[in-house]
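Notes follow once the structure below has been shown.
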Amino acid sequence: MNTLDHYDYAILGALQVDGTLSVAELSQKVGLSSTPCWKRLKRLEDDGYLERRVAIVNRRKAGLPVTVFVSVRTSQHDDKWLERFAQAVESLPEVQEFHRMSGDIDYLLKVVTTDIEGYDRFYKKLIKVAQLSGVSSAFSMEQIKYTTALPLHLVAHGTPK
């Protein structure tokens with residue numbers, strides 16, 4: 001059940017753009033005084049709407065210019081296998097996202113790495129961690145859109161959609 005109002009969505013939206021805002025700056029942006037804004041912010045954190053605040057590192061400048069989408073198929077579908085596979089994949093630092101899928105593939109991984117050789121090293125680690133029936137890799141040629149901001153306007157009550 002969604003119990004957020006337009007002030008809560010405004011706070012979340014402002015923090016998606018700049019997680020370093022002070023309470024005073026945030027309260028000014030959303031039209032609240034500092035104390036009510038701080039209380040709402042604390043509630044949003046306590047209720048898990050704000051998982052954490054992070055800095056977004058430029059992956060190219062950091063030396064990780066290659067993004068690969070890795071499709072994985074397996075003939076194993078029991079909980080025990082998935083638990084082992086998930087633990088193994090979570091331990092691979094190159095994996096930024098890990099999804100269980102519907103359709104023709106079972107799992108999709110978003111991987112960042114240094115170069116083709118870096119991906120080959122990752123691939124060799126991946127195929128050692130679990131019995132897989134197929135792995136297919138698609139290299140991103142160009143990142144056209146990137147955002148970490150959720151489209152909160154789609155669910156915000158009392159705000160224009």
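The values are calculated or read from the model by the stated rules, or taken from the named source; none is laboratory data. Keep in mind the model is a prediction, meaning the values are calculated, not measured. So basically every Cβ, Gly included, is an ideal-geometry build from the backbone, and we count neighbours across all protein chains shown.
Here is a yes/no grid of residues against (1) within 20 Å of the chain's Cα centre (by Cα); (2) closer than 17 Å to S75 by Cβ; (3) not hydrophobic (A, V, I, L, M, F, W, C):
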| site | (1), (2), (3) |
| --- | --- |
| R121 | no, no, yes |
| F139 | yes, no, no |
| Y146 | yes, no, yes |
| L152 | yes, no, no |
| V155 | yes, no, no |
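Kindly indicate the residue of region 68-105 that is out of contact with any strand residue (DSSP E or B) (no Cβ under 9 Å at 6 or more places or on another chain) and among the acidic types (D, E) and also nearest to S140 (Cα to Cα) among those meeting that condition.
Only one residue tops the list, namely E83.
Exactly one of (1) surrounded by 11 or more Cβ atoms within 10 Å (Cβ to Cβ); (2) over 30 Å from K125 (Cβ atoms); (3) at pLDDT 95 or above is unmet by H6. Its number?
Status for H6: all satisfied but (3).
Just for region 21-55: of the residues that are at pLDDT 95 or above and β-branched (V, I, T), which one is surrounded by the most Cβ atoms within 10 Å (Cβ to Cβ)?
This residue is V30.
Does E97 fit the bill of being under 29 Å from L21 (Cα atoms), outside the structural domain of V30 (by TED's automatic domain parsing) and either acidic (D, E) or in contact with a His (Cβ under 6 Å, 6 or more places away or on another chain) (or both)?
Yes, satisfied.
When the residues of region 1-58 are narrowed to those that are β-branched (V, I, T) and touching a Cys at 6+ places or on another chain (Cβ under 9 Å), which ends up nearest to A156 (Cα to Cα)?
The residue in question is I11.
Go through region 70-112 and count every residue that is aliphatic (A, V, I, L, M), outside any helix (DSSP H, G or I), farther than 16 Å from S133 by Cα and touching a residue at least 24 places away in the same chain (Cβ under 8 Å).
Total satisfying the criteria: 3.
Quick one: which of A130, A149 is loosely packed, with under 14 Cβ neighbours inside 10 Å and in contact (Cβ under 8 Å) with a residue 40 or more places away in the chain?
A149
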